[in-house]
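The values are calculated or read from the model by the stated rules, or taken from the named source; none is laboratory data. Nothing here was measured: the structure is a model prediction, and the numbers come from that model. As a convention, Cβ positions derive from the backbone with ideal geometry for all residues, glycine included, and neighbour counts pool all protein chains shown. Please note that ligands, DNA and RNA were not included when accessible areas were found on the heavy atoms of the full protein model with its side chains. Shrake-Rupley method; radii C 1.70, N 1.55, O 1.52, S 1.80 Å.
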Amino acid sequence: MSDAAALPGQPRGLVVSGPATERAVNVLAPNPSAMTLDGTNTWLLSEPGSDLAVVVDPGPLDESHLRQVIGTAEKLGKRVALTLLTHGHPDHAEGAGLFAELTGTAVRALDPALRLGDEGLGAGDVVAVGGLELRVVPTPGHTSDSLSFHLPADRAVLTGDTILGRGTTMVAHPDGRLGDYLDSLRRLRSLTVDDGVHTVLPGHGPVLEDAQGAVEFYLAHRASRLAQVETAVENGHRTAADVVSHVYADVDRSLWPAAELSVRAQLEYLRERGLV
């Protein structure tokens with residue numbers, strides 16, 4: 001979920017509905033909004049030559065979209081064998097139950113409440129289906145249950161809402177925590193530096209082909225916002241709502257409720273470190 005429009009200096013890309021990499025196809029959900037950008041990116045992943053596919057984030061409870069995902073797989077000669085969730089927000093996960101019924105697949109996620117199967121997901125897990133390999137990367141911060149999926153064969157990472165294709169994401173306080181989020185961004189940066197990841201397949205917005213640039217942008221943006229919040233508090237802006245009106249004046253007012261969640265997370269982060 002986005003809390004801002006595209007910002008100066010941010011890496012840009014094009015919204016893709018269709019093939020994004022050799023192994024990833026996007027089926028864009030019809031739920032565009034200020035919070036979901038162009039809509040939720042439902043990712044259909046498969047190894048070339050295999051008849052099995054993995055779906056990441058089936059999206060909202062919209063049967064026509066879910067059937068479109070299945071139809072897209074069938075047109076490619078694939079059968080959906082597993083469903084994965086990056087996190088539990090409804091725009092990513094609400095349709096998972098019906099999708100599981102339609103496909104006869106298990107749903108795997110970090111949060112036990114979201115799993116329709118016996119197995120959860122955790123750090124270091126490798127999901128292997130039909131020759132496709134996905135490595136599970138915990139990336140809490142946006143939410144406590146946020147996961148990313150490293151697709152080594154395409155030098156890509158599916159980031160859910162941790163990194164978006166356009167704008168910045170919110171830290172959904174109190175479940176999301178800024179310290180965790182910054183650690184997660186650094187974890188993703190290590191994938192770009194140490195593992196050669198260059199493509200971001202986000203939960204919303206366009207595919208990004210400069211993964212390291214995207215991570216660095218997010219880290220710099222967070223540092224800038226945090227400094228602005230700290231200065232605002234020092235200048236007497238004490239409540240989260242007051243800080244939002246002062247610091248996020250450049251953001252559309254329809255996004256201020258999301259920005260307020262991020263501000264609450266930033267204030268908590270600063271207080272825990274004795275900075276305000």
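Hey, any hits in region 154-173 for a residue that's of a type in the set (D, E, K, R), outside any strand (DSSP E or B), touching a residue at least 24 places away in the same chain (Cβ under 8 Å) and open to solvent by 30 Å² or more (accessible area, probe 1.4 Å)?
As a first pass, look at region 154-173 and keep what is of a type in the set (D, E, K, R): 154-155, 161, 166.
Next cut, outside any strand (DSSP E or B) only: 154-155, 161, 166.
Now narrow it down to the ones that are touching a residue at least 24 places away in the same chain (Cβ under 8 Å): 154-155, 161, 166.
Filter again for open to solvent by 30 Å² or more (accessible area, probe 1.4 Å), leaving 155, 166.
There is at least one residue in region 154-173 that is of a type in the set (D, E, K, R), outside any strand (DSSP E or B), touching a residue at least 24 places away in the same chain (Cβ under 8 Å) and open to solvent by 30 Å² or more (accessible area, probe 1.4 Å).
Within the set of pairs 6 or more residues apart or between chains, which connect a residue that is closer than 12 Å to Thr40 by Cβ inside region 52-70 to a residue that is among the charged types (D, E, K, R) and in a helix (DSSP H, G or I) with Cβ atoms less than 9 Å apart?
Pairs that qualify, where the first residue is closer than 12 Å to Thr40 by Cβ and the partner is among the charged types (D, E, K, R) and in a helix (DSSP H, G or I), are Asp57/Asp91; Gly59/Asp91; Pro60/Asp91.
Among the residues of region 123-143, is any assigned to a helix (DSSP H, G or I) and either open to solvent by less than 60 Å² (accessible area, probe 1.4 Å) or of a type in the set (S, T, N, Q) (or both)?
no
I'd like to check something: does region 213-223 contain any residue that is acidic (Asp, Glu) and under 21 Å from Asp111 (Cα atoms)?
No, the conditions are met nowhere in region 213-223.
Tell me, which residue of region 241-257 that is part of a helix (DSSP H, G or I) and surrounded by 20 or more Cβ atoms within 10 Å (Cβ to Cβ) is farthest from the chain's Cα centre (by Cα)?
Step one: list which residues in region 241-257 are part of a helix (DSSP H, G or I), which gives 241-247, 253-257.
Still in the running and surrounded by 20 or more Cβ atoms within 10 Å (Cβ to Cβ): 243-244, 247, 255.
Values: Val243: 26, Val244: 23, Val247: 24, Leu255: 18 Å.
Across region 241-257, the extreme among qualifying residues is Val243.
Pick from region 105-129 the residues that are among the hydrophobic types (A, V, I, L, M, F, W, C) and within 17 Å of the chain's Cα centre (by Cα): which of them is farthest from Arg23 (Cα to Cα)?
The initial filter retains those residues of region 105-129 that are among the hydrophobic types (A, V, I, L, M, F, W, C), namely 106-107, 109-110, 113-114, 116, 121, 123, 126-129.
Next, only the ones that are within 17 Å of the chain's Cα centre (by Cα) stay: 109-110, 114, 121, 123.
Working: Ala109: 21, Leu110: 23, Leu114: 25, Leu121: 21, Ala123: 22 Å.
Top of the filtered list is Leu114.
Could you please give the count of residues in region 206-219 that are touching a residue at least 60 places away in the same chain (Cβ under 8 Å) and either surrounded by 24 or more Cβ atoms within 10 Å (Cβ to Cβ) or more than 13 Å from the chain's Cα centre (by Cα) (or both)?
6
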